[in-house]
Amino acid sequence: MTITVLPASSFEDVRTLVGPKSPGANVCWCLSHRVPSKLNNELRGPARGEYVAELCRAEPPPGVLAHDGDESVGWAAVAPRSVTSYARSRRIPHVDDLPVWSLWCIRVRPGHRGRGISHALIAGAVEFARAQGAPVIEAYPLDSGDAEVDMTMAYAGIRRNFERAGFARAADTASVLAGHPRVLMRLDLRR
């Protein structure tokens, strides 16, 4: 298995990973933290996918995709924090005034989990942010210790996976997901 991680400029691949089975469904499409709440609520059914297609055509694209050969097997949302809902969050603190990038969603397709793809996605997101000139990248993973995490809620990532990637705990948060506290993890990209 050779996993490659590339910018998410292919809408078809993004749709495979975060789109609904039914085009009219109002699922996340990984927009919940990317757009303001009002717009998130206004985008219904196919309009959500159309919005994501525009993001995939834009520079920079909305994240990175992991591929096993020609097959898309993973997704990570990464963008400047300033363009996400985390810019206005009362639960996720701001550590400083640096123009940090946020990594907030990691998704590995069922049938491909347990093969290190989330680690490749984190590394790919770090390199993507670095290539875009980000001085620091942040993530807000679950601090679950040894407890099991419901896979549907593990999209935020797990603290130990970010620690393995060189991230360090920068702050506690007031956010809780799936019964686990979230921590703010950071990696300085200026080194």
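If we sort 164-172, 78-86, 38-46, 120-128 on the protection proxy, mean other Cβ atoms within 10 Å, highest first, what's the order?
With the highest mean Cβ count within 10 Å placed first, the list reads 120-128, 78-86, 164-172, 38-46.
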Legend entry - Principal axes of the chain: Cα extent on each, largest first, Å: 41, 39, 35
Inset, instruction - Averaging over all projection directions, find the projected area of the Cα convex hull of the range 56-95 and quote it in nm² with one decimal place. - result: 4.1
Inset, instruction - With an 8 Å cut-off on Cα pairs and a minimum separation of 6 or more residues, tell me the relative contact order of the range 1-132 in percent. - result: 30
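Quick one: dipole size for the range 20-102, taken about the Cα centre, charges +1 on Lys/Arg Cβ and -1 on Asp/Glu Cβ, in debye to the nearest 20. Show your work: numbers first, answer last.
Numbers: 10 positive and 9 negative charges, 113 e Å.
Once rounded to the nearest 20, the dipole reads 540 debye.
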Inset, instruction - Taking every pair of Cα atoms in the range 47-116, average 1/r, invert it to obtain the Kirkwood radius, and report Rg/Rh to two decimals. - result: 1.03
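Per residue, what accessible area does the chain have, given a 1.4 Å probe and all protein chains present, in Å²?
On the way: 9440 Å² over 191 residues.
That works out to 49 Å² per residue.
For the chain, what is the mean residue ellipticity at 222 nm derived from helices alone (per DSSP H run of n ≥ 4: -39500 (n - 2.57); sum divided by total residues; nearest 500 deg cm²/dmol)?
Details: 5 runs with 47 residues, N = 191.
Rounded to the nearest 500, the figure is -7000 deg cm²/dmol.
Calculate what fraction, in whole %, of the accessible area of the chain sits on carbon and sulfur atoms when a 1.4 Å probe is rolled over the protein chains. Write down the numbers at each step before the final one.
Values: 4750 of 9440 Å².
Accessible surface attributable to carbon and sulfur in the chain totals 50 percent.
Place the peptides 139-152, 61-74 in order of packing, highest mean first, counting for every residue the other Cβ atoms within 10 Å and averaging per peptide. Walk me through the intermediate numbers first.
Working: 139-152: 15.8, 61-74: 20.4.
The peptides rank, most packed first, as 61-74, 139-152.
The values are calculated or read from the model by the stated rules, or taken from the named source; none is laboratory data. For clarity, every value in this text was computed on a predicted model and none was experimentally measured. Note that we place each Cβ from the backbone using ideal geometry, even for glycine, and neighbour counts take in every protein chain shown. Just the protein is used for accessible areas: all its heavy atoms, side chains included, with ligands, DNA and RNA removed. Shrake-Rupley method; radii C 1.70, N 1.55, O 1.52, S 1.80 Å.
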